[in-house]
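Rule-based calculations on the coordinates, nothing more; no lab input. A quick note: this is a predicted structure, and the numbers were derived from the prediction, not measured. Using ideal geometry, Cβ is built from the backbone for each residue, glycine included, and neighbour counts are taken over all protein chains shown.
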Amino acid sequence: MSIPLLSFFTGGGFLDIGFAHAGFKTVWTNENNNTFAEIYDFAVPSLPELFKHGKLQEKISDRRSIEEITPREILIKAFPIKRPDLFGIIGGPPCPDFANGGKHRGHEGDHGRLSKTYIDHICHIKPPFFVFENVYGLLRKVKHRTFFETLENQLENAGYCLDRVVLNSLDLGLAQDRERVFLIGIKSSLIKNCLGKKLRTSERAWFPWPKIEKYYNAKKRFDWPTIVRKRNIPRKPKRIPKELMVYHLLSNIPKNLPNAKEGFKPYSRKFKIVCEGDISRKSFKRLHRYRYSPTACYGNNEVHLHPWEKRRLTVREAMRIQGIPDEYALPKEVSLTAKFKIIANGVPVPLAEQIAHSLKNFLKPLNRKGSLLGYP
């Protein structure tokens, strides 16, 4: 049976897509950025399998800021007939105020304070489980970590058992070095059914976070090639899994795929002189065809350079580096800046899917008891 989800900060729906692949069903979505909401409304129906089986919402349910929406409004819209016994909340509050590339305004920033609002909504709605996702910077700086720990205390006081982890999409089979913080909460009254034992307050390391031995610790485990000098063509390494190298993603894109030809025109001389694999600079990072991509963090027209062509990545190439399905199409009329921003803001789909599979397996004892009402 599909477990219903309320999706906050939905963006392009990448977290939702990952959870849908694992068998969850989004019944309510929220996105306050109108451009992102328009992209979602256009793109989601282009995913026939998920859309046809009702795993994703056709349109953004509410475009207001979550600071303007009450928990009661959300529950009435999501569950007009009856609130099910088993459902969850997922979301990744905007992260610029916690990111290394931001100004570190933290919870005092316009974006940062939404993390507190998100937690407040969870505590009022009281779902059996929730997922909170954000940048690793939330734990790196003392100021941000202290704030995050106050949120954890609030959730524990509201009756949740918590576990958190930093996961890298590279370690789960995607050719991108992208670390994200995940916090999962399960109602303490349900933990014994799922885990077979009770947990102490503040106990951690109990959730079965996803781990794929084939890729685990990939950055240190494999002998990655270095910068390519003087226009040489690099040799393909033999022991690195092909799915961890961007060549696997960039070399076989059909020209008729949506957004395959969309990209910024190469005007700068740097497109010709930056060596393949040189990612040392803040901008104009050029990918290496046989390495993983640095974090897809695109803004102000800054997009990674293609490994062997004198240009930046196209929209479709950037989507592949985020693990977004090829069927997912962005509308032509939206600016390139907005397209790259929504791509970079999202959770890699394969990473979301791995989290979702682990969570679904953990919740199986609750589903077997028939606690899910009205959602086949």
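Sorted largest first, the spans of the alpha carbon positions of the range 1-56 along the three principal axes are 33, 21, 14 Å. Checking the cross-link pairs LYS82/LYS332; LYS220/LYS285; LYS230/LYS265 against a 30 Å limit on the alpha carbon distance flags LYS82/LYS332 as lying beyond it. Ordering THR146, ILE212, ALA338 by the projection of their Cα atoms onto the charge dipole of the chain, which places +1 on the Cβ of Lys and Arg and -1 on the Cβ of Asp and Glu, puts ILE212 at the extreme positive end.
Shown here for the range 209-269: trypsin sites (Lys or Arg not before Pro) in loop regions (DSSP other than H, G, I, E, B) with at most 16 other Cβ atoms within 10 Å, namely LYS211, LYS214, ARG229, LYS230, ARG231, ARG235, LYS238, ARG239, LYS255, LYS261, ARG269. Legend: residue pairs LYS211/LYS364; LYS55/LYS77; LYS272/LYS341; LYS219/LYS270; LYS141/LYS187, Cα-Cα distance threshold 22 Å; pairs beyond threshold, LYS272/LYS341; LYS219/LYS270; LYS141/LYS187. Given the C-alpha centroids of the range 168-210 and the range 115-130, what is the distance between them in whole angstrom? Using only Cα atoms to place each centre, the spacing works out to 17 Å. Here the dipole of the range 36-90 is about 240 debye; that uses its Cα centre as origin and unit charges on the Cβ of Lys and Arg (positive) and Asp and Glu (negative).
Under 20 Å of direct C-alpha separation, and excluding same-chain neighbours fewer than eight residues apart, LYS198 reaches these aspartates and glutamates: GLU152, GLU156, ASP163.
Simple point charges give the picture: +1 on the Cβ of Lys and Arg, -1 on the Cβ of Asp and Glu, and for the range 152-285 a dipole about the Cα centre of about 820 debye. FRET efficiency for the pair LYS211 and THR117, taken as 1/(1 + (r/R0)^6) with r the Cβ-Cβ distance and R0 = 41 Å, rounds to 0.80. Work out, in µm²/s and without decimals, the Stokes-Einstein translational diffusion coefficient of the range 140-248 at 10 °C, 1.306 mPa s, Rh from Kirkwood over C-alpha pairs. Using the Kirkwood radius from Cα pairs, D works out to 93 µm²/s. Once each part is reduced to its C-alpha centroid, what is the distance from the range 69-83 to the range 212-236 in angstrom? Using only Cα atoms, the two centres lie 49 Å from each other.
Based on Cα contacts under 8 Å between residues 6+ apart, the chain shows a relative contact order of 20 percent.
Put in order of Cβ neighbour count within 10 Å, fewest first, the listed residues THR35, THR70, THR10 become THR70, THR35, THR10. Against the empirical 2.2 N^0.38 Å (N residues), the range 227-319 has a Cα radius of gyration ratio of 1.05. Where both bridge residues fall in the chain, DSSP classifies roughly 55% of the beta bridges as antiparallel. May I ask for the distance between the Cα centers of the range 297-352 and the range 144-162, given as a whole number of Å? Using only Cα atoms, the two centres lie 33 Å from each other. Over the chain, DSSP H runs of length four or greater, each weighted -39,500 (n - 2.57), average out per residue to a 222 nm ellipticity of -8500 deg cm²/dmol.
Here the dipole of the chain is about 1660 debye; that uses its Cα centre as origin and unit charges on the Cβ of Lys and Arg (positive) and Asp and Glu (negative).
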